[in-house]
Amino acid sequence: MLFSKLLVSAISLVPLASAIPVGNVQGHRHHNQSTIKRDGGGFPDGVYDCSHFPEDQDGVVKLDYLGFGGWSGVQKNDGKFGTASTCEDNTYCSYACKPGMSKTQWPSNQPSNGESVGGLYCKNGKLYKTQKNSNNLCENSHGNAYVKNTLGSNVAICRTDYPGTENMNVPTDIGSGSQQPLSVVDEDNYYNWGNKKTSAQYYVNKSGKSAQDACVWGNQGDDYGNWAPLNFGSGYTDGKMWLSMSKNPLNSQANVDYKITIKADGGTLSHDCKYENGSFHGSGASSDGCTVSVTGGGAYFELYN
């Protein structure tokens, strides 16, 4: 619930997602999972076993270290939507996409308590799409946004698995002297929560911690994962790309060990937005964060000393 609110509030924008429910399940088709051939038509319903993670699908990333068989999370379809340990019958099996891409699958019928559910659906031992208007499991970003790391060590940022378990376990590791793309979701056509648009949300860790170690659920007193000091947000609506950075309300006293500024890359920024020594600066900045709109091109978060 907290993460749902964060995803909406990071960039205060509003929703419209054309959700299509799971279709009727067809009879089993028997295939050797190791020899499934993709024909370019996207993910085939009723072909993959639920025990077989579809890592050969474009953009899909297998997360073995989480302990869910490569899935980013598994939720029971029992009205409570608690976590399951394996992708099995009557569960939703969520997955990560590579940096700069977003998953396309979530059921139209979402929990009434404000939590979210996402991923493929497992029924009769086979996997099925939950959004029939999206053939591929991952889609490209709707804008050019990225993180550029000029520090002497890596920085891990962790995207929230949303809609889904809402754990911050979708990893992006930005090596020293390199850059990695962010996913800018088309908010007018992506998942909506409580009739509000949602953005992509990232947890921003201190430098030097690997994505595998940082993009996991932590405990109070930690400074990584859900306790990471900062959040990034990215989305596109009303003809503009929106980028934000803010304090993580779970750990608002924590700070990262570097500075951050949003810079244009062919685009025009509405105003400055910087983070230095625990404070935000720029027109419209508050003690909690700052948001910029970008028109006519791209922009990026630069991490520097």
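Residue pairs whose Cβ atoms lie under 6 Å apart, separated by 6 or more positions or on different chains, with the first residue in the stretch 204-215 and farther than 18 Å from Ser178 by Cα and the second buried (at least 21 other Cβ atoms within 10 Å of the Cβ), are Ala214/Ala156; Ala214/Asn205; Ala214/Tyr224; Cys215/Cys158; Cys215/Asn169; Cys215/Pro171. Here is the figure for the stretch 83-97: residues that are surrounded by fewer than 16 Cβ atoms within 10 Å (Cβ to Cβ) and either touching a residue at least 40 places away in the same chain (Cβ under 8 Å) or under 10 Å from Ser183 (Cα atoms) (or both) total 1.
The strands (runs of 3 or more DSSP E) falling completely within the stretch 129-247 that include 3 or more residues that are over 13 Å from the mean Cα position of the chain (by Cα) map to 145-149, 200-207, 230-237, 240-247. The residues in the stretch 125-146 that are surrounded by fewer than 19 Cβ atoms within 10 Å (Cβ to Cβ) and closer than 19 Å to Phe68 by Cα can be counted, and the count is 1.
Yes or no, residue by residue, for (1) in contact (Cβ under 8 Å) with a residue 12 or more places away in the chain; (2) basic (Lys, Arg); (3) out of contact with any helix residue (DSSP H, G or I) (no Cβ under 9 Å at 6 or more places or on another chain):
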site	(1), (2), (3)
Ala228	yes, no, no
Tyr258	yes, no, yes
Thr268	yes, no, yes
Ser286	no, no, yes
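Condition first: touching a Phe, Trp or Tyr at 6+ places or on another chain (Cβ under 7 Å), surrounded by fewer than 23 Cβ atoms within 10 Å (Cβ to Cβ) and hydrophobic (A, V, I, L, M, F, W, C). Can you find one or more residues in the stretch 233-250 that meet it? Yes - at least one qualifying residue is present in the stretch 233-250.
Between Gly164, Gly119, the distinction of being crowded, with 23+ Cβ neighbours inside 10 Å, on the phi > 0 side of the Ramachandran plot and in contact (Cβ under 8 Å) with a residue 60 or more places away in the chain belongs to Gly164 only. Among the residues of the stretch 289-305, those that are exposed (fewer than 13 other Cβ atoms within 10 Å of the Cβ) and not in a strand (DSSP E or B) comprise Gly296, Asn305.
If the condition is being in a strand (DSSP E or B) and either at pLDDT below 95 or under 24 Å from Asp186 (Cα atoms) (or both), then the stretch 248-288 contributes Thr261, Ile262, Lys263, Ala264, Asp265, Gly266, Thr268, Leu269.
Taking the numbered list (1) under 23 Å from Gly100 (Cβ atoms); (2) modelled with pLDDT of 50 or more in turn, Arg38 passes all entries but (2).
The values are calculated or read from the model by the stated rules, or taken from the named source; none is laboratory data. Bear in mind the structure is a predicted one, so any value in this text is a computation, not a measurement. When we count neighbours, we look across all protein chains shown, and the Cβ atoms used for this are built from the backbone with ideal geometry, even at glycine.
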